[in-house]
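S.K.: Pasting a structure below so you can have a look.
The values are calculated or read from the model by the stated rules, or taken from the named source; none is laboratory data. Please read these numbers as outputs of a predicted model, since none were measured by experiment. Glycine also receives a Cβ, built like all others from the backbone with ideal geometry; neighbour counts cover every protein chain displayed. Areas reflect the complete protein model, heavy atoms only, side chains present, ligands, DNA and RNA absent. Shrake-Rupley method; radii C 1.70, N 1.55, O 1.52, S 1.80 Å.
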Amino acid sequence: MITITPREFRSIAEYVKRHYGIHLKEAKMTLVMGRLQQLLQQKGCASFSEYYDYLVSDKSGAAGALLVNKITTNHTFFMREPEHFTFFRDQVLPGLVPTLKDKDLRIWSAGCSTGQEPYTLAMILQDYFGKGQAGWDTKVLATDISSQVLDTAMAGVYSNEQVSTLPELWRSAYFQKRNRVEWAVNDRLRKEVIFRRFNLMDSVYPFRKKFHAIFCRNVMIYFDNPTKEALINKFWEITEPGGYLFVGHSESLNRDRTDYRYIMPAVYRKE
Ligand SMILES: C[S@@+](CC[C@H](N)C(=O)[O-])C[C@H]1O[C@@H](n2cnc3c(N)ncnc32)[C@H](O)[C@@H]1O
């Protein structure tokens, strides 16, 4: 086992914060040491200082991408914080959709991890529009910084246990049983989600149009307050007037420091 010194940890934590916004507290030192062991061995680094030198000297982005795959927390599951989905189906869509003149509904799952959140949104949209979906663009944009979770999301294969929280109707309409233990998202659902790698810390957000709803749930818990506030300001800029921001239940916005209006726990609206 290669051990990490507090100084080495601080250098890596500072790099992670600067590039990805993720705030690694001192208490995460052992966790980081464990998660990076294999990477150090693969790269032939004898110490964390050597690894850090390799990290900062790599200009290709590959070293950072490998690091991010190791240090992000990607825990997610189908039907997480289900009241958001109910609100989206029963309030957001009926309120918004009739106001859209160009049949273009733009939903973004920012920090989508292994895909359960955007696929759920896509199922709600399919159910909501039904046969009337023709002519509409309702594709969900799903982004994450980790290429590893995006690969899983794009594969769209989930275990029996993972799909067990889904309503039976959805499972039969949008999934196919692959074998005794796995289910795969069917083509109809798969084509409704566009997965892309995107770092929320990027200074430029390359979106041509603003979003009607942004889901950024359980992502900002890993950021410190200034980073979180800067991100919320960016979300504000790219939310359509009348559009919504959904965050995780432990991530409420400071109401004195945002123009989003509070609607219900972890749901905000740009008015
Ligand atoms: C805990 S998961 C949340 C998944 C889902 N939104 C949910 O609520 O279940 C957090 C995700 O945020 C991603 N993430 C962390 N920092 C990021 C950044 N700077 N840019 C984009 N995604 C990031 C992680 O890779 C991880 O997959």
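S.K.: I'd like the full set of residues that are under 13 Å from residue 84 (Cβ atoms) and part of a loop (DSSP other than H, G, I, E, B), limited to segment 241-259. Reasoning before the result, please.
M.R.: Of segment 241-259, the ones under 13 Å from residue 84 (Cβ atoms) are 244-249, 251.
If the condition is that a residue be under 13 Å from residue 84 (Cβ atoms) and part of a loop (DSSP other than H, G, I, E, B), then 248, 249, 251 are the ones that fit.
S.K.: Kindly indicate whether residue 111 is on the phi > 0 side of the Ramachandran plot and within 12 Å of the ligand (Cβ to nearest atom). Explain how you work it out, then say what you get.
M.R.: Numbers: on the phi > 0 side of the Ramachandran plot: yes; within 12 Å of the ligand (Cβ to nearest atom): yes.
In short, yes.
S.K.: On to the next question. Working carefully through the options 169, 150, find the one that is assigned to a helix (DSSP H, G or I) and surrounded by fewer than 12 Cβ atoms within 10 Å (Cβ to Cβ).
M.R.: Working: 150 fails: surrounded by fewer than 12 Cβ atoms within 10 Å (Cβ to Cβ).
Going through 169, 150 in turn, the sole match is 169.
S.K.: Would a scan of segment 172-187 turn up a residue that is open to solvent by 20 Å² or more (accessible area, probe 1.4 Å), modelled with pLDDT of 95 or more, of a type in the set (Asp, Glu) and assigned to a loop (DSSP other than H, G, I, E, B)?
M.R.: No, every residue in segment 172-187 fails to be open to solvent by 20 Å² or more (accessible area, probe 1.4 Å), modelled with pLDDT of 95 or more, of a type in the set (Asp, Glu) and assigned to a loop (DSSP other than H, G, I, E, B).
S.K.: Another question, then. Select from segment 1-28 the residues that are farther than 20 Å from residue 65 by Cα and modelled with pLDDT of 95 or more and list them in ascending order. Show your work before the answer.
M.R.: Our first condition is that a residue be farther than 20 Å from residue 65 by Cα; within segment 1-28, this holds for 1-7, 25-27.
Once the filter is applied, which keeps residues that are farther than 20 Å from residue 65 by Cα and modelled with pLDDT of 95 or more, segment 1-28 yields 2, 3, 4, 5, 6, 7, 25, 26, 27.
S.K.: Still on this structure, please answer the following. Test of understanding: among 263, 221, which residue is touching a strand residue (DSSP E or B) at 6+ places or on another chain (Cβ under 6 Å) and open to solvent by 50 Å² or more (accessible area, probe 1.4 Å)? Please lay out each step first, then the result.
M.R.: Working: 221 fails: touching a strand residue (DSSP E or B) at 6+ places or on another chain (Cβ under 6 Å).
It is 263.
S.K.: Now a separate question. Test residue 44 against the criterion of being more than 16 Å from the ligand (Cβ to nearest atom) and part of a loop (DSSP other than H, G, I, E, B), and give yes or no. Quick ask: steps written out before the conclusion?
M.R.: Details: more than 16 Å from the ligand (Cβ to nearest atom): yes; part of a loop (DSSP other than H, G, I, E, B): yes.
Judged against the criteria, residue 44 is a match.
S.K.: Assess whether residue 231 counts as being farther than 20 Å from residue 153 by Cα, in a strand (DSSP E or B) and either touching a Ser or Thr at 6+ places or on another chain (Cβ under 7 Å) or at pLDDT 95 or above (or both). Before you say what the answer is, go through the steps one by one.
M.R.: On the way: farther than 20 Å from residue 153 by Cα: yes; in a strand (DSSP E or B): no; either touching a Ser or Thr at 6+ places or on another chain (Cβ under 7 Å) or at pLDDT 95 or above (or both): yes.
For residue 231, the condition - farther than 20 Å from residue 153 by Cα, in a strand (DSSP E or B) and either touching a Ser or Thr at 6+ places or on another chain (Cβ under 7 Å) or at pLDDT 95 or above (or both) - is not met.
S.K.: Enumerate the pairs (first residue in segment 179-196 and touching a residue at least 24 places away in the same chain (Cβ under 8 Å); second residue anywhere and part of a loop (DSSP other than H, G, I, E, B) and surrounded by 11 or more Cβ atoms within 10 Å (Cβ to Cβ)) with beta-carbon separation below 6 Å, excluding pairs fewer than 6 apart on the same chain, so at least 6 apart or on different chains.
M.R.: As it stands, the answer is 184/156; 184/178; 185/156; 190/156; 192/139; 194/139, since those pairs meet every condition given.
S.K.: Within segment 125-147, how many residues turn out to be within 10 Å of the ligand (Cβ to nearest atom) and either part of a loop (DSSP other than H, G, I, E, B) or open to solvent by less than 10 Å² (accessible area, probe 1.4 Å) (or both)? Outline the logic, then answer.
M.R.: Keep residues of segment 125-147 that are within 10 Å of the ligand (Cβ to nearest atom), which gives 142-147.
Filter once more, so that each one left must be either part of a loop (DSSP other than H, G, I, E, B) or open to solvent by less than 10 Å² (accessible area, probe 1.4 Å) (or both): 142-143, 145-146.
Number satisfying all stated conditions: 4.
S.K.: State all residues of segment 193-223 that are in contact with a Pro (Cβ under 9 Å, 6 or more places away or on another chain) and assigned to a loop (DSSP other than H, G, I, E, B); if no residue qualifies, say none.
M.R.: 198, 210
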